[in-house]
Amino acid sequence: MEPADGDEGMRVSDIEIASGDGYRQLSARIDHFHLWYRVPPDCPLSDRGDAFVAAALLPAMHAGEPLEIEGAAVSPMLLRGAERVQAMVSRWDRRFRRIEIRAETAPAVPTRPGVGCFFSGGIDGTYTLLRHQEEIDCLVFVKGLDMQVENDALFEASLRNNRKLAEHFGKPLLSMATNIRHMVAPRGLSWCDIYGGCGLASITLALGFPRMYIASSQTYEHLTPHGSHPLLDPCWSTEALTLVHDGCDAARSEKLRAVARVPGALESLRVCWQDDGYNCGRCEKCLRTMLALRLLGLRSDSFPPLRDLAPIRRLRVIHNYDAMAFEDNLRLARQVGDHEAAAILEDILRRHRIKRAVLDLDLALTGGRGKRTWRALRPAPID
């Protein structure tokens, strides 16, 4: 380990469990930010420091500061896992420095019985529920992750649909909220790119399940550095928790086929992160899902109809890990003989590969200065 210079660092303090108006809350101060997790009044919570190690480690690494946990014990097994997290993340992104974690230690104990699974009504979570429905005891739906914590209308609509699906499987649905994304976004950390698995682990450690499933959004043949990753997520396990990253064995179209067999699942399917309606029908994630539905001959009333492929032509691969979804749709288009869709997807992926080759060459020759110069010189958008 290479601790940052000096004694000052990121401090986690004032860890407490308190009751509010219709909820129970675990919270702490991380420097000047008040991080909280709110659950129903009868829901158990853990007031250990484990959840806040997971929440604060990457922000501390990004700042190059040691992380200090005050007034609460941390699992020795978790600290060993955090070392592996640091080793991976610092290799994936050189902006993150390995840092020292200062905390009192004591083995973790379960806060509650049972097996949990994160569930938001999307493709990945529903697929994981299908695979492990005999084992899973509770579904966990979190306000503040794939929607803004202030978006009450979208949360209530999603909660109604998710409860119906949970009832179909005979599972209770635990709905909760957190402001964790408000902490990471101002620090320049992307939830999807690098932080998501740490955030989900933090919530899991706060809830205290002995076993928890995180549904994968990648496949084994397309693993890239990502916020939630099969190598990264299990590192947050403790003496009392086994955290399982699940679903890398199936492509998104394969998962969608399986989800379509569940009564009501397509009608309530939600994949959008735009906070603009249940599914906006315009963003990259909505459109590639709508294309997959079309190619599979399926329909979901939670999306507008994809009447033609003009919106697909305008799509671009933004992140490397999104390329696998376009490649999956391309395979599907070829299988069903949709030559127009296949040609469009081939063009999108060809442009992505050219862009990646240019960026990789710039990184090798100039350390990325070309990309930074282009960003600095390009015209500002017109309001």
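Which of 144, 191, 89 sits farthest toward the positive end of the charge dipole of the stretch 86-214, with +1 on the Cβ of Lys and Arg and -1 on the Cβ of Asp and Glu?
Final value for the positive-end residue is 89.
So in the chain, what percent of DSSP beta bridges are antiparallel if you round to the nearest 5? Intermediate values should be presented prior to the final figure.
Details: 16 of 38 bridges.
Antiparallel bridges: around 40 percent, rounded to the nearest 5.
For the stretch 277-354, compute Rg over Rh where Rg is the Cα radius of gyration and Rh is the Kirkwood radius from the inverse mean 1/r over Cα pairs.
0.94
Relative contact order (percent) for the chain, with alpha-carbon contacts under 8 angstrom and 6 or more residues of separation? Can you show the working numbers first?
Working: 685 pairs, mean separation 55.9, N = 383.
Relative contact order for the chain comes out at 15 percent.
Roughly how large, in nm² to one decimal, is the mean projection of the convex hull of the alpha-carbon atoms in the stretch 61-178?
Details: hull surface 39.0 nm².
Convex hull of Cα atoms, orientation-averaged projection: 9.8 nm².
Rounded to the nearest 5, what is the percent of antiparallel bridges among the DSSP beta bridges in the stretch 17-61?
Values: 10 of 10 bridges.
Around 100 percent of the beta bridges assigned by DSSP in the stretch 17-61 are antiparallel ones.
Filter the DSSP H helices in the chain by two things, a Kyte-Doolittle mean of at least 1.0 and an axial alpha-carbon span of 15 angstrom or more, and list the hits by number. It would help to have the intermediate numbers written out before the result.
Numbers: long enough: 50-63 (20 Å, 1.36); 76-92 (24 Å, -0.05); 152-169 (25 Å, -0.67); 196-207 (17 Å, 1.61); 284-295 (16 Å, 0.36); 323-336 (20 Å, -0.08); 339-366 (40 Å, 0.11).
Flagged H segments are 50-63, 196-207.
Tell me, what ³J(HN,Hα) does each residue in the stretch 106-115 have, in order and in whole Hz, if you take phi through Karplus 6.51 cos²θ - 1.76 cosθ + 1.60 with θ = phi - 60° and put x for Gly and Pro?
Running phi through 6.51 cos²θ - 1.76 cosθ + 1.60 with θ = phi - 60° gives 6, x, 6, 10, x, 8, 8, x, x, 10 Hz.
Charges at C-beta only: +1 for Lys and Arg, -1 for Asp and Glu. How large is the resulting dipole of the stretch 296-343 about its Cα centre, in Debye rounded to 20? It would help to have the intermediate numbers written out before the result.
Numbers: 7 positive and 7 negative charges, 23 e Å.
So the magnitude is around 120 debye.
Around residue 101, which amide H atoms from residues at least 5 apart in sequence, or from another chain, sit under 5 Å from its own amide H, with H modelled in the peptide plane?
Those lying under 5 Å, H to H, from residue 101 are 67.
Which whole-number value in Å² is the accessible area per residue of the stretch 309-383, probe 1.4 Å?
On the way: 5110 Å² over 75 residues.
Heavy-atom SASA per residue in the stretch 309-383 reads 68 Å².
Might you report the magnitude of the Cβ-based charge dipole of the chain about its Cα centre, with Lys and Arg at +1 and Asp and Glu at -1, to the nearest 20 debye?
Details: 49 positive and 50 negative charges, 308 e Å.
For the chain, the charge dipole is close to 1480 debye.
Round to a whole number: what % of the accessible area of the chain belongs to carbon and sulfur, probe 1.4 Å? Before the final figure, lay out each step's value.
Working: 8760 of 17590 Å².
After summing per-atom areas, the C and S share lands at 50 percent.
Using a Gaussian network model on the chain with a 10 Å cutoff between Cα atoms, which of 108, 364, 292 fluctuates the most?
Fluctuation is largest for 364.
Work out, step by step, the length gained on full extension between residue 152 and residue 106: first 0.36 nm times the residue separation, then minus their alpha carbon distance; give nm to one decimal.
Difference between extended and current length: 12.7 nm.
Once Rh is set to the Kirkwood radius over Cα pairs, what Stokes-Einstein translational diffusion coefficient, in µm²/s, holds for the stretch 5-110 at a temperature of 37 °C and a viscosity of 0.692 mPa s? Please report the intermediate quantities before stating the final value.
On the way: Rh = 14.5 Å.
After rounding, the answer is 227 µm²/s.
Using 7 Å Cα-to-Cβ label points, what is the residue 336/residue 83 separation (nm, one decimal)?
5.0 nm
For labels at residue 309 and residue 132 in the simple 7 Å Cα→Cβ model, what's the distance in nm?
3.7 nm
List the lysines whose Cα sits under 18 Å from the Cα of residue 255, skipping any in the same chain fewer than 8 residues away.
Within the straight-line cut-off, residue 255 pairs with 285.
Give, in nm to one decimal, the length gained when the segment between residue 90 and residue 285 is fully stretched (0.36 nm per residue of separation minus the Cα-Cα distance). Write down the numbers at each step before the final one.
Working: separation 195, 0.36 × 195 = 70.20 nm, distance 2.83 nm.
That works out to 67.4 nm of additional length.
Can you pull the one-decimal nm distance between simple spin-label points at residue 18 and residue 42, each 7 Å off the Cα toward Cβ?
2.5 nm
Could you do me a favour and compute the accessible area per residue for the stretch 211-284, 1.4 Å probe, result in Å²?
On the way: 2680 Å² over 74 residues.
Spelled out: the 1.4 Å probe surface of the stretch 211-284, per residue, equals 36 Å².
Hey, can you rank 112-119, 340-347 by average C-beta count inside 10 Å, highest first? Let's see the in-between values first.
Values: 112-119: 19.6, 340-347: 17.2.
Per-residue Cβ counts within 10 Å, averaged per peptide and sorted highest first, yield 112-119, 340-347.
Expressed as a whole number of Å, what is the distance separating the alpha-carbon centroids of the stretch 300-361 and the stretch 101-131?
Each part's Cα centre sits 33 Å from the other's.
Give me the 1.4 Å probe accessible area per residue for the stretch 1-138, excluding ligands and nucleic acids, in Å².
About 46 Å² of surface per residue is accessible.
The values are calculated or read from the model by the stated rules, or taken from the named source; none is laboratory data. For clarity, every value in this text was computed on a predicted model and none was experimentally measured. Please note: Cβ atoms are built from the backbone with ideal geometry, for glycine as well, and neighbour counts cover all protein chains shown. Note: accessible area is taken over every heavy atom of the protein model, side chains too, but ligands, DNA and RNA are not part of it. Shrake-Rupley method; radii C 1.70, N 1.55, O 1.52, S 1.80 Å.
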